[in-house]
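Reading through the structure tokens given below for one structure.
Rule-based calculations on the coordinates, nothing more; no lab input. These numbers come from a predicted model, not from an experiment. Heads up, the Cβs are rebuilt from the backbone with ideal geometry, glycines too, and the neighbour counts pull from every protein chain shown.
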Amino acid sequence: MKRRKPLQELPSSTSPSIQNFLHPASPHIFDEAAEPSIDRSHDRNSEEDEPFAYFPSSYELDEYGIPCQGLDAEVELDAVRSPSGKQAEIPDASFAESFYGSGADWSSLRHVKAEPKRKASGKLVQTSLSALWGFKSEETPTNSDSVRAELVQTSLPALWGLKREETPSNSDSVRAEAPSNFPQRRAKPDKSGGNFGSGATRQFARACPFYKKVTGTSFTVDAFRYGSVDGCTAYFLTHFHSDHYGGLSKHWSHGPIYCTSATARLLALCLSVDTKFIHPLEVDSLHVVDGIRVQMLEANHCPGAALIYFGLKDGRHILHTGDFRACEEMQSYPVLRNARIHTLYLDTTYCDPKYRFPPQQDVINFVVKVTKNVLSRDPKTLVVVGAYSIGKERVFLGIAKALGVQIHADSHRRRILACLHWPELSERLCSDAGCTMLHVLPMSSLSPEKLKQYLQKFERRFTSVLAFRPTGWTYSNKAGNVLDSLKPVSKSNVTIYGVPYSEHSSFSELQEFVQFLRPEKIIATVNVGSPAHRDRMQSYFRQWLAR
């Protein structure tokens, strides 16, 4: 029997050695893939952030905001800290800067300081149409050389089209403060490392929603886009997908980040997050953070993804699933088998009876069978698997093992996959596109037109393309039971199969997981923007727990 490791006290104010998670003696192997969540618009920014000036505009971004085109230079994932413990330079800064510049930067949120108020003369006058809507145009004093106009929320009289006539001070320009929850555009950061350039005029601050706060603690989960959350002492990250890490960047300074070792390495490589804020937690080991017992559990999602268990001081047990695909193995986790979960934060991406997915291995077996059949008829077929920068690894690894071939991926993807410390996968990766018939491309490249263009690069060796798009969106009640009923899309010499390979739980898997845990309270974390969706999901939960 494996001996349980002792609790490790990890105060949120200090950082453990980063050396262990960069080069662990016996790395944990993650072999699962990812699936994009749906309907998260309620939890996203309404405006796109502008890219950094030094980020090459020619890079194509995949579905998770990661540059798909690899850089020419190769790098080794060396330790971020030197043996002496001093801060070392992040390897391949250009790679990290490019990655960081391609995504959204919510980490530098801050409130605007209140300025001195203007004196009122007491006279009410009719204002413009803007004021009728509750906004007003504000200018700096006339003795200033530059005049700035800005829309800000005004008082209740302004909403009715009236305002008190005001006289600006002669000494300083006066600026009214907008409400903290009023959305404002973020300015470009300056290149000197500060959060804002000198031209920053508008910012936005958003309140952290309740379902990202862990009840009974001072912790948040996947809440980085909200900046510094009042009262938060520890920020937990479930996995490295942009809808969860959004807001993290090299500017992050709001508090300690707790995640798995694989995710920690990706934060350092891809986002240049300062390693003094990164606290990697070993999977399956119990830790203590601010007096709360914490355990990271394999989530069967993308590499490095974790369910997070919290054992509160008052005896309550809380589980946050992040993104996960429930499976029978989870029912053998000791902490879940022995503890009665009080509150379950549940990934409800596919919490709808229409979503039925076959077992992952069945889908992989189907992909291998189709590939072998096609190659037997046309050996000069190029096989392509669509994937996210993190995710779908088991699909193309399954083909490689079945056929005994190497896997070609661009340098960008190879560097990211190297962070996973997954030897079975790493030893099969190759940089020479001509040495193997199995290639991995971004999901966005899997269209007949783009694949035909890609095939032209290898026209001397390959005459056709067989591509697989593994995604949970490829579902149907029929395909849930009979994979052979799947029909490909064929155009000329390009054939594309959409296969129902999902790394989120299907409806029936969610039901089985909830009935196993039987929590006292369930909080949905996806598709919660609509009252109708929330009510429908709660009705499912009540039905499951009543049985």
Stretch Ala532-Arg377 to full length: gain in nm at 0.36 nm per residue minus the Cα-Cα span? 50.7 nm
Residues Arg377, Arg394 in order from fewest to most other beta-carbon atoms within 10 Å are Arg377, Arg394
Fewest-first ordering of Arg325, Arg414 by Cβ atoms within 10 Å yields Arg414, Arg325
Could I have the simple spin-label model distance between Thr463 and Val405, label points 7 Å from Cα toward Cβ, reported in nm to one decimal? 1.6 nm
For Glu509, Glu329, what's the fewest-to-most ordering of other Cβ within 10 Å of each Cβ? Glu329, Glu509
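Remind me, relative contact order of the stretch 360-499 in percent, using alpha carbon pairs under 8 angstrom and six or more residues apart?
Relative contact order, the stretch 360-499: 29 percent.
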Sequence order, the stretch 244-257: Karplus ³J(HN,Hα) from phi using 6.51 cos²θ - 1.76 cosθ + 1.60, θ = phi - 60°, Hz rounded, Gly and Pro as x, gives 10, 8, x, x, 7, 6, 5, 8, 4, 8, 7, x, x, 10
At 7 Å along the Cα-to-beta-carbon direction for both Arg293 and Lys276, put a label point, then send me their distance in nm to one decimal. 3.3 nm
Between Ile523 and residues 5 or more places away or on another chain, the pairs with built amide H atoms under 5 Å apart involve Leu344, Tyr345, Leu346
Entries of Lys369/Lys392; Lys276/Lys313; Lys369/Lys452; Lys250/Lys452; Lys276/Lys521; Lys250/Lys313 with Cα pairs more than 29 Å apart: Lys250/Lys452; Lys276/Lys521; Lys250/Lys313
Averaged over every viewing direction, what's the projected area of the C-alpha convex hull for the stretch 360-499? Give it in nm², one decimal, please. 8.0 nm²
Nonlocal amide H pairs with Ala467, under 5 Å, H built at 1.01 Å: Val384, Thr495, Ile496, Tyr497
Given a Förster distance of 45 Å, report the FRET efficiency between Asp314 and Glu427 from their Cβ-Cβ distance, rounded to the nearest 0.05. 0.40
